[in-house]
Amino acid sequence: MKFSIGFLVIAFLIGGCESKTNSTNNSEETKTSLPLAGTWKLISGTLIEKGDTTITDYTKDVSFIKIINNDHFAFLSHDTKSTSDSAKQFDAGGGRYSLKDSLYIEHLEYCQEREWEGHNFTFTITIKNDTLTQRGIEKVPNTGTSRLNIERYVRMK
């Protein structure tokens, strides 16, 4: 009887250690395989909506950055041309995000366009060298928005 109880205690302890080690490795692998944290500069954006495609070159008249830490993101954008009403040319937002493998979900908590707040946006991301590509559907029913958004960022140093 003593042998059985001792064996069970040892098996339980070993099993508990294995489980904890595996879960730690899995979360570290996700962070290591997709080094998302940092500041990213948007280079190009493609919007496909109702059969129309709009491609924007963000290296010219607009500057857009996304800042990502371990659990939040923020984006800032402004027109680089001189205008009399800079508020019309500025955009910002942010919130929490989750990442599992290549599935990146933004929960927009703050946004200059208030009707976008409270919505989740699901993207598939890839990171190759210093380039992040983000692809997903942006759907905001109360604005009539439903479009495919493909963005290409480069990591800022």
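All of the numbers you see were taken from the coordinates with simple rules; none came from a lab. Computed from a predicted structure; not experimentally measured. Virtual Cβ from ideal backbone geometry, glycine too; neighbours counted across all protein chains shown.
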Label points 7 Å out from Cα along the Cβ direction at I55 and T80: separation in nm? 1.9
Given R₀ = 22 Å, what would the calculated FRET efficiency be for K41 paired with Y110, taking r from the Cβ atoms and rounding to 0.05? 0.60
Please give, to one decimal in nm, the separation of the simple spin-label points placed at E117 and F90, each 7 Å out from Cα toward the Cβ. 1.7
